[in-house]
Amino acid sequence: MSDLTKEINRRRTFAIISHPDAGKTTLTEKFLLYGGAINLAGSVKGKATARHAVSDWMEIEKERGISVTSSVLQFEYDGYCINILDTPGHQDFSEDTYRTLMAADSAVMVIDASKGVEPQTRKLFKVCGMRGIPIFTFINKLDRDANDTFDLLDEIEKELGITTCAINWPIGSGKAFKGVYDRESKSIVTFSDTEKGTKEGTTNIVPVADEASLVATIGQEAADKLLEEIALLDGASEEFDIEAVRNGKLTPVFFGSALTNFGVEIFLQHFLKMTTTPLPRKADIGVIDPVENNFSAFVFKIQANMNKAHRDRIAFMRICSGKFDASAEVRHVQGNKVMRLSQPQQIMADERKILDEAYAGDIIGVFDPGIFSIGDTLCAPKEKFVYDGIPTFAPEHFARVRQVDTMKRKQFLKGVEQIAQEGAIQIFQEFNTGMEEIIVGVVGMLQFEVLKYRLENEYNVEIRLETLPYEHIRWIENKDDIDISKLVGTSDMKKVKDLKGNPLLLFVNPWSIGMVLDRNKGLESSEFGRW
């Protein structure tokens, strides 16, 4: 086996998704503890005195105690090189999560044991379903009182339409939480509380067949209940099937507590064995194999001002095939340019390490002087192909944006355009005018707050937002065959164009969309745009 094949095969690249507050960021940090990447885990709550979580780096995230952008974390564990994409849990930032999932080979879904499947879990799961990527479930917060375990599994199956297979099983919850039963080894691993932020406490492994030791370890009542549940589980649950997992049809389920660090390493070890090496990707010339093909990558995220002192802008790329060599030239397909990537780096939240090389499966950040867009493809200089585009979500809220100080027009336009290029917002103009009037579209209202905050703090521009009544948007698919100026519209319709000059229609009422299509024969529209 060549060194290249070996390096690519030891990569594992996955995203962590959850409803806000299910414990996703805490779980991420515990993974990093095991990899020795950090020595003490932080708290993600918005307290000025608390140590902030490694993966939350933006000022607004530290103030609010929520993640609003995805961050990338890489660490080594047990011979594997692991790339974790930590995503925002808040639904207002689900588009960022969607783009991040495009760069992952599998997803870890974190569920709060006392709340079960929550609205945002459903939405994110749908996105995973669209890509057909494998999903692994970690049911968290067993150190608190939890819902019935069978009910939790039932809810996942009914709500998300995916079959479950419990790999381990919790023994009690809250104050009565004793540990987990491992179905493969038919033994229990006992829970002992640990000092917060440190590695796992002492673990005691007891075979279930040794009934005397079992009762001595967890008590008669817990032992009786566990044996009864094991009999039920073995009789009724789905068999583990790795193919079904890899096709996104079955989710292996694990239980534990990220806060107290119980069950995290057990989960990590099983997960690494079950998940895949970097997967092939579709391009316009066919499927690109990670090992067989030369270097290629695509941009899935752009983040401006990660370092306020440098006013920099980083393009995040998922390497899809081959080896990246910092000294070699690459082709930026959309820009039709052969170039060297500037300052290639591995990002660990807000810390960076300059790289000489990276492999398929890795996520790298490169300095972007304003030439990259989300969805761009990079490949070897003599090749030319394009990876499948990344769909954009339809914004659901719109507002007219004006800067308060008319003298700061330049900073205002630069700020709005840069934040739009990151994909945090979408900006539109009146169809027949220049940039005099800017309309901003967002998936969630909180994004308006982030826009206001970032323009003030990063670009020194104060803005006023005037919300607009539009709630529905359609991209015009056959713009070259239609004279937009002659479209017969409705009274609640507005014609706008996006950053690339593509025409769009905004509507207040959903029924107006059908009316406009009826009135303009041959007009083709879509609720998804493309980067």
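What follows draws every value from the coordinates through simple rules; no lab data is involved. What you see is a predicted model, and the numbers here were worked out from it, not measured in a lab. No Cβ is skipped: glycine too gets one built from the backbone with ideal geometry, and neighbour counts run over all protein chains shown.
With each label point set 7 Å from Cα along the Cα-Cβ vector, what nm distance links LYS410 and MET130?
Taking the two extended label points, one gets 3.9 nm.
Given contacts defined as C-alpha pairs under 8 Å and at least six residues apart, what's the relative contact order of the chain, whole-number percent?
Over the chain, the number comes to 13 percent.
Of the cross-linked pairs LYS141/LYS273; LYS301/LYS497; LYS126/LYS410; LYS414/LYS494; LYS141/LYS186; LYS6/LYS337, which ones have a Cα-Cα span greater than 29 Å in the structure shown?
Checking Cα-Cα distances, LYS126/LYS410; LYS6/LYS337 exceed 29 Å.
Tell me what the chain gives for mean residue ellipticity at 222 nm when only DSSP H runs of n ≥ 4 count, each as -39,500 (n - 2.57), the sum divided by the residue total, rounded to 500 deg cm²/dmol.
Counting only the DSSP helices, I get -7500 deg cm²/dmol.
Amide H neighbours of ILE302 under 5 Å, at least 5 residues apart or on other chains, H built in the peptide plane: list them.
Residues meeting the amide H criterion: PHE316.
Compute the long axis of helix 446-458 from its Cα atoms, compare it with the longest principal axis of the Cα atoms of the chain, and write down the angle in degrees, 0 to 90, nearest 10.
Helix 446-458 sits roughly 70 degrees off the main axis of the chain.
How many angstrom lie between the Cα centre of region 452-475 and the Cα centre of region 222-290?
Between the Cα centres of region 452-475 and region 222-290 lies a distance of 41 Å.
Quick check: pseudo-label points 7 Å beyond the Cα along Cα→Cβ at ASP148 and LYS123, how many nm apart are they?
3.1
How would region 421-493 be classified by its alpha-carbon gyration tensor: rounded, prolate or oblate, with rounded meaning a/c under 1.5 and the a/b versus b/c comparison settling the rest?
Because a/c hits 1.5 or more and a/b exceeds b/c, region 421-493 counts as prolate.
In Å, what Kirkwood hydrodynamic radius results for region 379-462 from the alpha-carbon pair distances?
Taking every pair of different Cα atoms in region 379-462, averaging 1/r and inverting gives 14.4 Å.
Do any trypsin sites (Lys or Arg not before Pro) in region 324-424 lie in a loop, going by DSSP, with at most 16 other beta-carbon atoms within 10 Å of their beta carbon, and if so which?
When the trypsin sites (Lys or Arg not before Pro) of region 324-424 are filtered for loop state and at most 16 Cβ neighbours within 10 Å, ARG340, LYS382, LYS384 remain.
Using only Cα atoms, figure out Rg for the chain and give it as a multiple of 2.2 N^0.38 Å.
Cα-based Rg divided by the globular estimate yields 1.04.
Compute the long axis of helix 149-160 from its Cα atoms, compare it with the longest principal axis of the Cα atoms of the chain, and write down the angle in degrees, 0 to 90, nearest 10.
Compared with the principal axis, the helix lies near 20 degrees.
Is the shape of region 446-529 rounded, prolate or oblate, going by the alpha carbon gyration tensor and its root eigenvalues a ≥ b ≥ c, with a/c under 1.5 for rounded and a/b larger than b/c for prolate?
prolate
When the Kirkwood radius is taken over all Cα pairs of region 159-296, what Stokes-Einstein diffusion coefficient follows at 10 °C and 1.306 mPa s, in µm²/s?
The diffusion coefficient I find is 91 µm²/s.
What FRET efficiency, computed as 1/(1 + (r/R0)^6) with R0 = 45 Å and r the Cβ-Cβ distance, is obtained for ALA231 and GLU159, rounded to the nearest 0.05?
My answer for the efficiency is 0.95.
Given axes a ≥ b ≥ c from the Cα gyration tensor, I'd like to know whether region 225-268 is rounded (a/c under 1.5), prolate (a/b larger than b/c) or oblate.
Judged from the Cα gyration tensor, region 225-268 comes out oblate (a/c at least 1.5, b/c at or above a/b).
Which whole-angstrom value gives the distance between the alpha carbon centres of region 498-518 and region 316-386?
Distance between centres, Cα-based: 36 Å.
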